[in-house]
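Please treat every number below as a calculation from the coordinates, not as lab data. Owing to the predicted nature of the structure, the values given are computational and were not obtained by experimental measurement. Cβ atoms come from the backbone with ideal geometry, glycine included; neighbour counts cover every protein chain shown.
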Amino acid sequence: MQLPLRGLYAITDNKLIKTEKLIDTVEQAIIGGAKIIQYRDKSNKRHFEQAQALSYISKKYQVPLLINDDVALALQVGADGVHIGKNDVELSTARAVLGKDAIIGVSCYNQLTKAQQAINAGADYVAFGRFFSSRTKPEAVWCSVEKLRQARKMFHCPLVAIGGITPDNGAELIKAGADCLAVINGLFGQIDVTASAQQYARLFNG
C-alpha cells in the first residue's frame, strides 16, 4: 500500500493505551484524521493478535500500518511496512523480507548523513527528532528546525518529524518541510483521541 505519506502519523504506546482498548483507540485516531499508524510496544512481548487486529482496521480505513522494529511480525500480519532505528535490523534485510512494495522508514535523529545513507539504501521516508521536550523519550537527541529545513532542501522523499509535537508547535515543522507529524503522547495521552487527532489534521489543511 504505497499511498502518499502526508499527515498525522500516530504511534501507539502500551503505557498510554490499555491492551483491551487498543483497537478502539486507534480507530478513534483514524476517524480524527490519522493517516499512518505505527504499532510500537516496547514491553518485549510478541503481540501477534494486537498487530493482526490493527492490520485489519488499517485496511478497513485504507491507512498504512507500520510495525516498529519487528520485521517478522510485520510479515506475519501483512502490515504495510516497518520503522527501524539505529539498533534494529538492517534496511536491506527488511526490504528482502518484506518486498519492494513495503514502506520502510528510518530514524535519523539529527543526522543528515544518516538520512542520505538510508535513502540511498531504499528508505521510503526518513524521520528526524526530537524537536521539542518529549514525555515518551525525554533523553532523545535534539534536532533543530533548521536541520529539518536543510533536509527538505536535500531530500525528495517524505520527511517525518517526531518528538514533543503538539497542535501548537506542529505548524512550524510543516512549514519547515515535514510531510508527517509523528505523535504519541499528544494523541494517545489525551482524553478525547478523536478531537486531538482532528487538531493535528487541521494543521495540514492550511
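In table form, for the structure just shown:
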{"quantity": "Estimated FRET transfer efficiency when R0 is 35 angstrom, pair Gln52-Lys15 (beta carbons, to 0.05)", "calculated": "0.95"}
{"quantity": "Positive minus negative residues near Ala127 (Lys, Arg vs Asp, Glu; Cβ under 13 Å)", "calculated": "+3"}
{"quantity": "Ranking of Ile84, Ile36 by count of other Cβ atoms within 10 Å, fewest first", "calculated": "Ile84, Ile36"}
{"quantity": "Max mean-square fluctuation residue, GNM over the chain, Cα-Cα springs under 10 Å, options Lys147, Lys59, Lys18", "calculated": "Lys18"}
{"quantity": "Whole-Hz couplings from phi, Karplus 6.51/-1.76/1.60, listed for region 82-87; x for Gly and Pro", "calculated": "9, 10, 10, x, 5, 9"}
{"quantity": "CD proxy at 222 nm, helix term only [per DSSP H run n ≥ 4: -39500 (n - 2.57); per residue of the chain; nearest 500]", "calculated": "-11000 deg cm²/dmol"}
{"quantity": "13 Å beta-carbon shell around Lys18, net charge (K/R +1, D/E -1)", "calculated": "-2"}
{"quantity": "Cut-off 15 Å between beta-carbons: net charge of the residues surrounding Ser144, Lys and Arg +1, Asp and Glu -1", "calculated": "+4"}
{"quantity": "Residue range of the chain that is longest and free of GluC sites (Glu not before Pro) which are both DSSP loop and sparsely packed (at most 13 other C-beta within 10 Å)", "calculated": "1-89"}
{"quantity": "Set Lys60/Lys114; Lys100/Lys153; Lys60/Lys147; Lys21/Lys153 screened for pairs whose C-alpha atoms are more than 29 Å apart", "calculated": "Lys60/Lys114; Lys60/Lys147; Lys21/Lys153"}
{"quantity": "Gaussian network model of the chain, springs between alpha carbon atoms under 10 Å - residue of Asp101, Asp70, Asp179 with greatest fluctuation", "calculated": "Asp101"}
{"quantity": "Karplus 3J(HN,Hα) series, Hz, for region 132-143 with 6.51 cos²θ - 1.76 cosθ + 1.60 (x for Gly, Pro)", "calculated": "9, 4, 10, 6, 6, 10, x, 8, 4, 4, 8, 10"}
{"quantity": "Distance from region 96-120 to region 127-177 (C-alpha centre basis), Å", "calculated": "16 Å"}
{"quantity": "Most mobile of Gln62, Gln117, Gln50 in a GNM of the chain (Cα contacts under 10 Å)", "calculated": "Gln117"}
{"quantity": "Peptide ranges 118-124, 8-14 listed from the most packed, as the mean C-beta count within 10 angstrom indicates", "calculated": "8-14, 118-124"}
